[in-house]
């Protein structure tokens with residue numbers, strides 16, 4: 001076996017040019033599961049009034065997999081044309097950026113959830129996105145009524161985003177694409 005491949009982390013050998021997308025999937029599932037457990041613990045009386053914990057967790061995992069799969073559709077569609085040795089660097093930049101953006105959005109939405117529940121008594125939904133059309137009004141409402149959630153959420157999103165960016169950047173773009181799984 002090629003000694004260069006042996007030096008690669010197991011995840012790089014298994015996932016090849018999809019390494020960052022695989023890391024996104026695993027990190028996203030972990031993040032969403034932790035958020036679900038935290039929110040479920042916070043709202044445990046409401047959860048138990050309508051559903052048992054195993055079903056709650058299983059249905060949550062199903063929803064998380066759907067969200068993650070939908071986010072992965074564009075790179076997976078582009079992969080046959082782009083995930084080649086010739087385009088190795090640009091593919092890595094794209095998957096790095098796409099994975100980072102996806103994780104930051106997941107963190108932002110999960111951190112916004114408690115404040116949204118306190119205001120509207122539901123998890124962020126279509127309303128959450130529709131209100132973003134009116135940034136002045138949204139900012140004013142957040143600043144005047146939910147300053148702690150807003151500032152804390154933005155700081156935690158920024159700090160988490162920097163931490164995730166550093167972790168994703170540590171993947172080696174020159175060792176996985178086109179070297180395993182017959183890509184190239």
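Here are the numbers:
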| read-out | value |
| --- | --- |
| When residues of region 107-121 are limited to those that are surrounded by 11 or more Cβ atoms within 10 Å (Cβ to Cβ) and over 21 Å from the mean Cα position of the chain (by Cα), the one modelled with the highest pLDDT | 118 |
| Candidates 78, 21, 31, filtered to the one that is under 26 Å from residue 132 (Cα atoms), part of a helix (DSSP H, G or I) and touching a helix residue (DSSP H, G or I) at 6+ places or on another chain (Cβ under 8 Å) | 31 |
| Counted residues, region 65-94 - those being modelled with pLDDT of 95 or more and surrounded by 19 or more Cβ atoms within 10 Å (Cβ to Cβ) | 4 |
| Flag for residue 99 being in contact with a helix residue (DSSP H, G or I) (Cβ under 7 Å, 6 or more places away or on another chain), more than 30 Å from residue 131 (Cα to Cα) and in a helix (DSSP H, G or I) | no |
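Per-residue answers, yes or no, for (1) in contact (Cβ under 8 Å) with a residue 60 or more places away in the chain; (2) in a helix (DSSP H, G or I):
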position: 114; (1), (2): yes, yes
position: 119; (1), (2): no, yes
position: 124; (1), (2): no, no
position: 127; (1), (2): no, yes
position: 137; (1), (2): no, yes
position: 142; (1), (2): no, yes
position: 148; (1), (2): no, yes
position: 153; (1), (2): no, yes
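The values are calculated or read from the model by the stated rules, or taken from the named source; none is laboratory data. It should be emphasised that the depicted structure is a prediction, and the values quoted were computed from it without experimental measurement. Neighbour counts run over all protein chains shown; Cβ positions are idealised from the backbone, glycine included.
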